[in-house]
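The structure appears below as structure tokens.
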């Protein structure tokens, strides 16, 4: 099979994995937010549900570590692509633009 086709398949799977990890972080963060809002809405002590909230926060930290590992794997795979002699630009569907700090919009203070 042609190298570029195999690399394209991996690039699509990598993008899917990155999106899945990000979605898991977002969902888990919403869960924690909902737990804290519910406690306040029911006027319960901060101690109430503390252990559960800590476990959800631990899950968010673990997901953040997983995200970092996936990003590091992404960078390693980009290097491997070049070492394998694949020079074509891979086209990943639904990939957001990769913005650097230099690309950020400059904003001015108002008021």
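The set of residues from the stretch 1-21 being out of contact with any helix residue (DSSP H, G or I) (no Cβ under 7 Å at 6 or more places or on another chain) and over 17 Å from residue 86 (Cα atoms) comprises 13, 15, 16, 19, 20. All of 63, 90, 42 fail the test of being at pLDDT 95 or above and surrounded by 11 or more Cβ atoms within 10 Å (Cβ to Cβ), apart from 63. Within the stretch 1-28, the set of residues being without any contact (Cβ under 8 Å) to a residue 60 or more places away in the chain and over 12 Å from residue 67 (Cβ atoms) comprises 1, 2, 5, 6, 9, 13, 16, 27.
The values are calculated or read from the model by the stated rules, or taken from the named source; none is laboratory data. Because the structure is predicted, anything quoted here is derived from the model rather than measured. Cβ: placed from backbone, ideal geometry, glycine included. Neighbour counts: every protein chain shown.
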